[in-house]
Structures are given as structure tokens and as C-alpha cells.
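These notes are about the structure you will find just below.
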Amino acid sequence: MCGPCLPSPFRKEVLSSICQTVALGLGDRSVEQALGVVPTLGGKGDGRTVEAVVGALLRGTETVAARCAALRVLREISSRGDPVAIDALVTALKDKEVQLEVLQTMEVLCNGEHSEVRVLVDLALNESVCSSVRCCSIQCLSQLAHRGCKSALNCAIEAMRSGDSNLRSAALGLVMRVAEPGCTAGKALVVAHLGDSDLDVCRKAMDACEALGIQGDVHVISALVAHVVSGEFCLRQMSLRTIQHLFRAGDPAIVSAILPVLDRGHWPQRHAALEALTVVSEHGNTEVLSVVLRHLDDADLTCRQTACRALGELAIPGDHSVMRALFKLMEDRNWLIRDAAGEALTQVVTRKDVEFLEGLAASADAETKEAVRAILSSLCAEQTREIAVSSQRAAPL
């Protein structure tokens with residue numbers, strides 16, 4: 001019969017017997033097996049049961065499996081803040097064989113008191129301890145330390161100096177949890193690691209920028225734009241997302257930082273900068289459009305295609321100067337450029353521009369005229385759909 005099915009008086013007797021077995025500490029599997037039954041018998045918050053489990057945890061004669069089982073039982077039967085359980089955990093933290101299990105249990109039972117924070121900080125900064133335990137200590141601190149806790153923030157500062165990227169990443173997570181808004185030390189840590197040599201740390205720093213609302217700083221802008229135009233694809237996307245969260249659309253500081261790349265960067269940077277402008281720039285920004293128009297003649301094919309797409313995204317529909325430039329490329333020798341220009345033109349041309357577009361196509365070759373007819377046909381089809389939808393809405397029920 002399982003524990004929950006036992007009548008209450010028998011359950012107490014069985015629990016008492018189990019606790020005696022645990023307290024005896026025979027140093028074999030009997031203690032581990034007895035501990036496995038304890039949670040099924042209740043005893044949540046029962047002092048005698050907690051003491052018996054603590055005894056098994058701190059006895060050096062028990063197997064690692066038994067000590068880990070004791071920790072799992074503590075998580076289930078102890079109340080958060082239980083001083084007996086917490087004192088035992090602080091002691092057990094010295095046991096290298098169960099440190100990770102102890103840290104998991106501390107996350108569940110501790111309240112972030114000064115003594116708890118201190119022991120976690122000491123473990124996190126102990127260079128003789130393995131990296132996984134140090135990282136777990138910092139993550140535990142992130143869960144327990146209160147916002148504004150100076151000890152935790154100082155721990156993050158020290159951990160950031162480590163050559164271990166996992167520690168630096170965990171430390172940034174700690175900064176996000178404990179740094180108060182406007183904290184200059186927290187901000188300095190985050191900004192310094194936007195350019196970290198490890199991509200995961202960079203990503204974590206961007207998350208921290210968003211969490212702490214860090215913006216408007218020239219160093220932040222410089223670091224984010226550097227990733228936007230030079231980083232690998234995932235990092236570029238994350239940098240753009242961070243910019244969108246921290247800055248308003250068309251922010252002059254961001255746009256001004258990207259535009260110079262188009263004049264001096266190699267083609268991958270120019271390509272990335274053109275893509276970024278479609279995300280961060282406002283529609284109809286004349287300065288941006290002027291720069292993008294110049295790159296329709298870029299020496300690199302990919303950049304020319306990207307410039308076409310950027311014009312389609314950024315130009316205000318009906319802009320004749322953009323339409324002329326795109327129409328010119330519809331007669332380009334490369335079919336990729338012709339396709340990109342035609343697709344962008346469909347985004348810019350409006351029904352009011354039919355005559356203008358027909359005038360441009362009057363002296364074009366047969367292939368270009370056919371492409372223009374396709375664009376005009378799509379406009380007519382769109383107009384027909386709009387009329388049909390309007391008629392349906394206006395029709396009486």
C-alpha cells in the first residue's frame with residue numbers, strides 16, 4: 001500500500017519508523033530507499049522529519065546517492081526559510097560531490113538573507129571550484145539576491161573579469177536581476193560586454209540592455225551598430241531587435257552611425273547596412289533615400305539587389321525619383337537586378353502613377369514593357385479586390 005493510501009494514524013507510525021531508519025544511517029541503500037518514501041507520507045514542515053533528513057545529508061558515511069536523495073526530500077518537505085534546513089544547506093555546500101544539488105535546493109528554500117548571499121558569493125568567486133558550480137552559484141544568486149544588493153553586484157563585477165565565457169554570461173544575468181535602474185556600475189558592465197569576444201555573452205549583454213533600459217549612450221550605439229554591420233547573422237538580428245526596443249524608429253543617432261558604413265565598408269558590411277536601414281530608418285527619410293539610391297550602382301551585385309529592396313521598403317509610394325531609378329534598372333543586363341527592381345517598383349507605384357509609368361515604358365524594349373504591363377495588371381487586380389470588398393461591406397444584410 002502506498003503512502004497516500006494509508007490511514008492517517010498508520011501513516012504517522014510508518015513515517016516515524018522511516019525517520020528512525022534514516023537517523024540510524026547504516027551507510028547502505030536502506031537510507032536512500034527510506035528517503036524515497038518520506039515525501040509520499042506527508043510530513044511537510046515536520047521538524048522531526050526535517051532533522052532526520054538533515055542528518056542523512058550531513059553524515060559523511062552516506063553514499064552520494066543518499067545525500068542527493070536527502071536534498072530532493074528537503075525541497076519537498078521543508079518550508080521556505082526553514083532555519084534548520086538552510087543551516088544544513090550552508091554546511092553541505094562544502095561537500096563537492098553534491099554542490100550542484102545543494103545549490104538547486106537553496107534556490108527553493110532560501111530567502112536571500114545576507115548570510116546566504118555571502119556564502120554563494122564566496123563559492124562563485126572561488127577559482128579552485130569547477131566552472132559549472134561557480135556558474136550555478138551565480139544563477140542561484142540571481143534568484144535569491146534582492147535588487148540593489150551590493151554584494152551580488154560586486155560578485156558580478158569580479159566574475160566579468162573571468163576568461164570563462166560561461167561565467168561572464170551568468171554574471172550578466174545576475175546584473176539584470178540585481179542592478180537598479182540608473183545603476184552606473186551595472187550599465188558600465190553591460191556596455192563593456194556588448195563587444196565581448198564570445199557571441200553568447202554579446203547576446204546576454206543585449207538582453208541586459210533591454211532589461212535595464214540602457215539607451216542613448218554613444219558606446220551602446222557604437223557597439224550595437226558594429227554588430228549590425230559586421231556580426232554573424234543571428235547576432236545581427238539580435239542587435240537590430242535590441243535597437244528597435246531601445247530606440248525609436250528613425251532615431252538620428254542610429255541612422256547616422258550606419259550611413260558611413262555604406263561609404264567605407266567592404267561589400268558584406270554595405271549589404272548588412274542596407275538591410276539594417278530598412279529596419280531602423282523612417283519611411284521617406286530623404287537623406288537615407290539619397291544614400292540608398294547611390295548604391296543602385298554599387299560595385300557588388302548583392303548590394304545592388306539589397307538597395308532595390310531597401311527602396312521598396314523605405315520610399316513613400318508615388319515617389320517619382322525612386323520610380324525612375326528603379327525603372328532604369330529594369331533594363332539591366334543582370335536578371336537578378338531586373339527582378340529586384342521590378343519587385344521594388346510594385347511597392348512604390350500607385351494607381352495615380354499609371355500614366356507616368358507608361359510614359360517611362362514608351363521607349364523601352366519589349367521585355368521591359370511586358371514587365372511594366374505585369375505591374376499595371378497587378379495594380380488593376382488590387383483595385384478590383386478593393387472595390388469588391390467595399391461593395392460587400394456596403395451591401396445590406
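The values are calculated or read from the model by the stated rules, or taken from the named source; none is laboratory data. Given the structure is predicted, the values throughout are model-derived calculations rather than measurements. Every residue, glycine among them, receives a Cβ derived from its backbone with ideal geometry; neighbour counts consider all protein chains shown.
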Condition broken by GLY42, with the remaining ones in (1) at pLDDT below 65; (2) on the phi < 0 side of the Ramachandran plot; (3) surrounded by 14 or more Cβ atoms within 10 Å (Cβ to Cβ) satisfied:
(2)
Which helices (runs of 4 or more DSSP H) sit wholly inside the stretch 218-283 and have at least 3 residues that are among the hydrophobic types (A, V, I, L, M, F, W, C) and in contact with a helix residue (DSSP H, G or I) (Cβ under 6 Å, 6 or more places away or on another chain)?
218-230, 233-246, 252-258, 267-280
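Would a scan of the stretch 86-108 turn up a residue that is polar (S, T, N, Q) and in a loop (DSSP other than H, G, I, E, B)? Talk me through it step by step, then tell me what you get.
Within the stretch 86-108, the subset polar (S, T, N, Q) is 91, 99, 104-105.
Among the residues that remain, those that are also in a loop (DSSP other than H, G, I, E, B) are: none.
Taking every residue of the stretch 86-108 in turn, none turns out to be polar (S, T, N, Q) and in a loop (DSSP other than H, G, I, E, B).
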Can you pull out the residues in the stretch 307-348 that are of a type in the set (A, V, I, L, M), in a helix (DSSP H, G or I) and more than 17 Å from LEU274 (Cβ to Cβ)?
MET323, LEU345
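Please verify whether LEU26 is more than 28 Å from ILE157 (Cα to Cα), outside the structural domain of ARG161 (by TED's automatic domain parsing), part of a helix (DSSP H, G or I) and at pLDDT below 90, treating the condition exactly as stated. It would help to see each step written out before you state the result.
Working: more than 28 Å from ILE157 (Cα to Cα): yes; outside the structural domain of ARG161 (by TED's automatic domain parsing): yes; part of a helix (DSSP H, G or I): no; at pLDDT below 90: yes.
For LEU26, the condition - more than 28 Å from ILE157 (Cα to Cα), outside the structural domain of ARG161 (by TED's automatic domain parsing), part of a helix (DSSP H, G or I) and at pLDDT below 90 - is not met.
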Within the stretch 45-84, which residues are at pLDDT 80 or above, charged (D, E, K, R) and part of a loop (DSSP other than H, G, I, E, B)?
ARG80, ASP82
Regarding the stretch 231-250, can at least one residue be identified that is of a type in the set (Gly, Ala, Ser) and either outside the structural domain of LEU289 (by TED's automatic domain parsing) or modelled with pLDDT under 80 (or both)?
yes
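In this structure, does HIS320 turn out to be touching a residue at least 12 places away in the same chain (Cβ under 8 Å) and not hydrophobic (A, V, I, L, M, F, W, C)? Spell out the reasoning first.
Working: touching a residue at least 12 places away in the same chain (Cβ under 8 Å): yes; not hydrophobic (A, V, I, L, M, F, W, C): yes.
Yes.
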